[in-house]
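The values are calculated or read from the model by the stated rules, or taken from the named source; none is laboratory data. Computed from a predicted model, the values in this text were never measured in an experiment. All Cβ positions, even for glycine, are placed from backbone atoms using ideal geometry, and neighbour counts span all protein chains on display.
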Amino acid sequence: MRLCHGTSVRSLKSALKHGLRPRNNRSSNWKKNPSHPDMVYLSTAYPFYFGCLSRSSKKLVVFEIDGDVLDTNNFYPDEDFITELLHRHEGRELRPEEKGAVLVMIRKYQDQWRNSLRFLGNCAFRGTVPTSAITRYCLFTPVARPHITAELIDPCISIMNFQIQGGHFKKIVAWMFGDRKLLPMVAEAETMEERQLWVEQSKDRTGIEVVDIAGETHEQDRQTVRADRRHHR
């Protein structure tokens, strides 16, 4: 299970040394549904979107994480997923005074984390994501790639958007990490001019650097954790 986390490049050195840590006492970037202070947020489709919004410098970083080595007891649903579930169940938006309650509900609905990933593309992990779970990271300079950046910051994070465009954004993530030759916009283009633009963009790796940190010792650590997981199932 490949998961990703996007953030400011200022977090790179700390993440490689100590792992990805929750925000704790730092203020949340999100006013509508504040992030839980004990959680690290992970995504299959939108890590570059979150990285673009949270960056405090000219460059952002997206970490690729091997979710199979993480303890499933520490996975939780994203607050946006819980909010949408409550909205669909009760047919109304949460009142301002109820917003904080979602941070409590995230524990009540802990078993919904798989559905959160499946239907929203996002989930949360309680505690620190260890460095041993990080397989690669992608450094991205948004100003160097305005066409791609415009695509990355386009989504509205919702269940409906993920149903329609989740696959599209997953393919962009795969291309950013060098796992696809062409951006999905090539196949989706409506004109020859648009298609040619995205073909050229697909060939250009300016402003993008992927670093593989999964060395031999690193891989052995992850295999050991996987073996322990299978043993205790």
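Among Thr217, Thr128, which is hydroxyl-bearing (Ser, Thr, Tyr) and modelled with pLDDT under 95?
Thr217
Regarding Asn115, is this residue of a type outside the set (Asp, Glu), without any contact (Cβ under 8 Å) to a residue 24 or more places away in the chain, surrounded by 15 or more Cβ atoms within 10 Å (Cβ to Cβ) and not in a loop (DSSP other than H, G, I, E, B)?
Taking the combined requirement at face value, the residue does not satisfy it.
Test Thr149 against the criterion of being β-branched (Val, Ile, Thr), farther than 21 Å from Gly121 by Cβ and in contact (Cβ under 8 Å) with a residue 40 or more places away in the chain, and give yes or no.
In short, no.
Identify, please: which residue in segment 128-171 is hydroxyl-bearing (Ser, Thr, Tyr) and under 16 Å from Cys4 (Cα atoms) and is, among those, nearest to the chain's Cα centre (by Cα)?
Tyr137
Of Lys181, Lys203, Lys170, which residue is surrounded by 15 or more Cβ atoms within 10 Å (Cβ to Cβ) and either at pLDDT 95 or above or under 23 Å from Leu53 (Cβ atoms) (or both)? So that I can check it myself, show each step before the final result.
Working: Lys181 fails: surrounded by 15 or more Cβ atoms within 10 Å (Cβ to Cβ); Lys203 fails: surrounded by 15 or more Cβ atoms within 10 Å (Cβ to Cβ).
Result of the check over Lys181, Lys203, Lys170: Lys170.
Residue by residue, here is whether (1) within 20 Å of Thr141 (Cα to Cα); (2) modelled with pLDDT of 95 or more; (3) not acidic (Asp, Glu) holds:
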{"position": "Cys4", "(1), (2), (3)": "yes, yes, yes"}
{"position": "Leu20", "(1), (2), (3)": "no, yes, yes"}
{"position": "Ser27", "(1), (2), (3)": "no, no, yes"}
{"position": "Pro37", "(1), (2), (3)": "no, no, yes"}
{"position": "Tyr41", "(1), (2), (3)": "no, yes, yes"}
{"position": "Ala45", "(1), (2), (3)": "yes, yes, yes"}
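When the residues of segment 75-94 are filtered to those that are at pLDDT 80 or above and assigned to a helix (DSSP H, G or I), which remaining residue is nearest to His36 (Cα to Cα)?
For segment 75-94, the residue satisfying everything is Glu79.
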